[in-house]
Amino acid sequence: MKLITAFFLAAVSAISCEAAEPAPLAPAPTQPAGTPQILPRPDSRFEGNVGRTYLESDTPQFPQPVQAPKGAPNVVLILIDDAGFGQFSTFGGGTPSPTMDKLAAEGLRYNRFHTTALCSPTRAALLTGRNHHSVSSGVIGEIATGYDGYTSVIPRNAGTVAEALRQNGYMTAWIGKNHNTPPWESSAAGPFDRWPNGLGFDYFYGFNTGDMDHWNPRLHENRNPIFVPKDGKYHLTTDLTDKAIAWVQKVKSISPDQPYFLYVAPGATHAPHHVSKEWIDKFKGQFDMGWDAYREQTLARQKKLGVVPQNTELTPRSEGLPAWDSLNADQKRLYARMMEVFAAFGAHTDYEMGRIVDAVKKLPGGDNTVFIYIAGDNGASAEGGLEGSINENLFFNGFPEKWQDNLKAIDELGGPKHFNHFTASWAHAMNTPFQWTKQVASHFGGVRNPMIISWPSHIKDHGGVRDQFLHVIDIAPTIYELTGVTPPTMLNGVPQKPIEGISFAYTFDAAPAKGRRTTQYFEMGVNRGIYHDGWMASALSFPPWQSVRGAFDPDKQKWELYHIDEDFSQVKDLAATNPEKLRQLQDLWWVQASRYNVLPLDWRATERFNSELMGRPSLIAGRKNLVYYPGVVGLPLSSSPPLLNKSWTITADVELPEGGGNGMIATEGGLEGGIGLYLRDGRPTFVYNFLSLERPTFAAKDPLPKGKSQIAVKFDYDGGGIGKGATVTLLVNGTKVAGGRLERTVPAQFSLGEGFDVGMDHGSAVDFTYQLPFKFTGTIQEVRVELK
């Protein structure tokens with residue numbers, strides 16, 4: 001009843017909230033008349049006279065390719081993953097970022113730019129120019145629900161800026177992370193209309209999950225799986241950079257006068273923090289001072305750079321985070337190393353992005369290129385927990401880690417054996433001077449990210465700083481204005497909902513210009529915030545490292561109030577002294593929540609990863625008997641056999657040549673957790689990777705003979721809840737050859753993206769006893785999975 005009452009109170013005050021409506025877009029300066037509002041354009045028809053023969057007809061004319069507006073710039077949009085306001089040196093952080101420095105020196109830095117606090121929602125808002133709930137992307141697809149704001153299915157009435165640019169003469173490419181395709185649509189069976197190629201990008205090279213192993217990734221080029229080298233020299237960020245450069249060089253060679261839109265979204269600096277020892281060694285000892293001193297030093301640098309007001313105060317350490325001085329020597333050594341790895345990861349990423357920038361500037365139209373470099377789709381991530389992590393998937397399965405265990409892996413951090421993540425306290429420090437981290441949409445540590453814009457031929461205030469309050473939904477309308485492309489009202493036969501962002505192109509030439517965004521709501525996991533006319537109300541629900549959450553009452557949620565025009569970092573909570581202003585903003589939040597599909601509020605965490613429980617669409621739902629043939633490789637986890645919390649049997653019919661065979665028969669998951677059935681030295685072997693903590697292995701004593709054999713793994717689950725034990729039986733031609741007990745099993749998800757493979761291991765290894773890709777050297781007739 002309190003929720004309903006609050007909603008109607010807010011509705012009554014809606015008349016005072018007209019400022020929340022988006023302002024109309026300014027006409028494009030390069031083409032005042034604009035491009036067509038209805039796309040695609042109608043089919044061309046010959047307008048001349050047609051006689052009985054060509055001799056009696058007017059000269060024929062071919063339909064001409066669509067031309068972009070005259071003078072339209074190239075657009076290069078770079079979006080770093082999981083980065084904080086105080087992370088990179090361009091905004092006062094401890095990680096060198098020379099590429100950002102160069103772009104900032106010739107362009108502008110924006111110090112009040114905001115995201116949504118989570119990756120997929122930010123990316124959906126970025127590409128569509130609408131709020132994340134408005135485009136059904138209130139959360140990541142792995143925890144989607146069936147409510148309008150949370151399905152993870154970007155609606156057709158919210159077309160992307162890339163699709164509009166593509167139909168107006170632009171060449172388009174997406175390189176890197178795609179976390180905007182619903183998981184159940186990400187397999188080779190399609191549909192493909194919500195893959196990047198269906199979202200306006202003619203070329204795609206990257207991955208379709210939230211994070212990715214940088215040493216052994218699973219990639220696609222357009223819709224085709226890519227198998228990367230296993231030579232120990234490969235790194236994903238370098239590969240993505242190479243592909244971005246190759247694409248832009250190719251298309252500008254072919255069509256030098258045609259503009260392009262290049263969207264580069266590296267997997268870094270999202271976990272796993274994978275980077276070479278060469279880069280890590282550059283940062284040895286640089287973070288021994290700890291996170292508390294780092295925050296103080298960073299704020300001092302930020303003031304010197306002018307990216308924060310001189311009166312900015314450092315927020316207190318967020319509740320639940322330990323003081324650096326409270327740690328023992330081993331903890332300090334471990335956590336400092338984790339930060340060294342993270343800094344190396346970020347520095348390497350900025351270096352690779354610099355290669356793209358340099359390559360673009362050398363090409364035709366380099367000066368007429370708009371570079372938009374956003375350091376983070378949310379704040380730095382605290383999903384490594386209070387003690388850091390060597391396997392981020394433990395967090396998503398609800399298992400805390402112990403620093404004593406992680407210390408054993410200190411010299412391997414950053415390498416291929418671990419899915420490592422630093423501590424929540426370091427994440428908090430990366431978001432200096434703000435409170436909180438990724439997921440916490442209520443506070444700036446979760447949503448305020450650095451943005452740099454350079455346009456060599458147009459921006460003249462080199463090195464300028466802009467402080468207008470902006471949001472990620474403002475990027476698309478700004479691109480529309482700069483390119484002279486009109487946002488379509490009808491796109492591919494579907495009427496479009498209005499753009500909800502506001503172009504900030506007006507800030508390029510006028511530093512003191514009054515900001516045009518007066519209102520912006522925030523929500524993620526019931527962490528709630530509302531900005532209006534220089535004020536911010538904030539309400540925290542759960543700290544991000546609390547993956548298992550109990551009962552919660554939104555009506556009892558504590559709200560804070562900040563006058564951010566005077567309090568840049570949200571230090572002074574005025575809720576007690578100005579309750580009227582707080583009530584006004586609370587009511588306004590409910591109005592915005594109703595308008596943009598935020599309701600109903602849902603604070604569940606770990607349990608939402610269970611697709612069966614949530615009722616998400618599935619290619620395998622309800623199927624008890626599944627048959628797979630050779631060539632099934634890289635099946636997404638969402639389309640793979642659901643092997644958790646139930647009994648099952650995997651049976652493979654194989655044929656071995658003279659001399660026996662080796663290799664992977666079937667595997668699901670990988671480094672972070674999973675199962676594998678393979679032949680090693682000809683002996684049938686089954687391994688169960690329990691979240692990298694233990695890998696019980698059951699192997700036959702004798703190798704298989706030449707010829708046909710049937711190998712089966714029978715997995716008898718104990719039942720009685722999730723994550724319980726099981727009995728494993730390994731059989732050859734119906735006879736038991738090995739077996740044993742598992743006292744615990746993975747409760748929520750095997751991995752963060754790796755699914756089912758037949759005949760090889762495409763991705764990371766489920767254990768370390770074989771070399772990838774571990775192709776099967778015999779013949780597999782079929783693999784059958786029976787779910788009990």
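The values are calculated or read from the model by the stated rules, or taken from the named source; none is laboratory data. If you're wondering where the values come from, they're calculated on a predicted model, not measured in any experiment. All Cβ positions, even for glycine, are placed from backbone atoms using ideal geometry, and neighbour counts span all protein chains on display. We work out accessible area using only protein heavy atoms, side chains counted, and drop any ligands, DNA or RNA first. Shrake-Rupley method; radii C 1.70, N 1.55, O 1.52, S 1.80 Å.
Computed from the C-beta positions of Lys460 and Leu601 and an R0 of 51 Å, the FRET efficiency is 0.65 to the nearest 0.05. What is the sum of charges around Met289, taking Lys and Arg as +1, Asp and Glu as -1, for the other residues whose C-beta is under 12 Å from the C-beta of Met289? With Lys, Arg at +1 and Asp, Glu at -1, the net is -2. Among the helices of the chain (complete DSSP H runs), which have Cα atoms covering no less than 20 Å along the helix axis and a Kyte-Doolittle mean of at least 0.0? In the chain, the long hydrophobic H runs are 236-254. Here is how the number arises for the chain: DSSP H runs of 4 or more residues each give -39500 (n - 2.57), the sum is divided by the residue count, and the result at 222 nm is -6000 deg cm²/dmol. Between Arg355 and Lys646, the modelled labels are 4.4 nm apart [label points 7 Å from Cα along Cα→Cβ]. Match the structure shown to one of the listed values (1) 93, 68, 45; (2) 89, 77, 56; (3) 76, 73, 60 of Cα extents along the principal axes in Å, computed from it, and give that label. Of the labelled values, this structure produces (2).
At most 12 other Cβ atoms within 10 Å and a DSSP loop assignment: could you name the trypsin sites (Lys or Arg not before Pro) in segment 473-562 that fit?
Lys514, Lys558
What the Cβ-Cβ distance of Gln64 and Asp288 gives, at R0 = 41 Å and to the nearest 0.05, is a FRET efficiency of 0.05.
Between Met614 and Val548, what length comes free when the chain is fully extended (0.36 nm per residue of separation minus the Cα-Cα distance, one decimal in nm)? Let's see the in-between values first.
Working: separation 66, 0.36 × 66 = 23.76 nm, distance 1.65 nm.
Result for the pair: 22.1 nm of gain on full extension.
Accessible area per residue for the chain is 37 Å², calculated with a 1.4 Å probe on protein heavy atoms, without ligands, DNA or RNA. Over what distance in Å are the Cα centres of segment 109-173 and segment 359-402 separated? Segment 109-173 and segment 359-402 have Cα centres spaced 17 Å from each other. Phi angles across segment 419-434 convert, under the Karplus curve 6.51 cos²θ - 1.76 cosθ + 1.60 with θ = phi - 60°, into 3J(HN,Hα) values of 9, 7, 8, 7, 6, 4, 5, 5, 4, 4, 5, 5, 9, 3, x, 8 Hz, Gly and Pro given as x.
Taking a sphere under 13 Å around the Cβ of Asn689 and counting the other residues whose Cβ falls inside, with K and R at +1 and D and E at -1, yields a net charge of -3.
With Rh defined as the Kirkwood radius, the inverse of the mean 1/r over Cα pairs, the Rg/Rh of segment 580-625 is 1.29.
Taking every Cα-Cα distance in segment 359-459 and sorting them into 10 Å bins from zero, the calculated P(r) comes out as 15, 31, 24, 18, 10, 1 percent. Per-atom-type breakdown for the chain gives carbon and sulfur 53% of the accessible area (1.4 Å probe, protein chains only).
Across the chain, Cα pairs under 8 Å and at least six residues apart give a relative contact order of 18 percent. Averaging the Cα positions of each part gives two centres, and for segment 526-547 and segment 426-501 these lie 19 Å apart. With both labels modelled 7 Å from their Cα along Cα-to-Cβ, the Asp718 to Arg41 distance reads 6.8 nm.
Can you give the alpha-carbon Rg of segment 324-370 over 2.2 N^0.38 Å, where N counts its residues?
1.98
Just add up the charged neighbours of Met100: K/R +1, D/E -1, any other residue whose Cβ is under 13 Å from the Cβ of Met100.
Working: positive: Lys102, Arg109; negative: Asp101, Glu106, Asp350, Glu352.
Result for the local shell: -2.
Phi angles of segment 130-147 translate, via the Karplus equation with coefficients 6.51, -1.76, 1.60 and θ = phi - 60°, into HN-Hα couplings of 10, 4, 4, 5, 4, 10, 6, 10, x, 9, 6, x, 5, 10, 5, 10, x, 7 Hz per residue; Gly and Pro are given as x.
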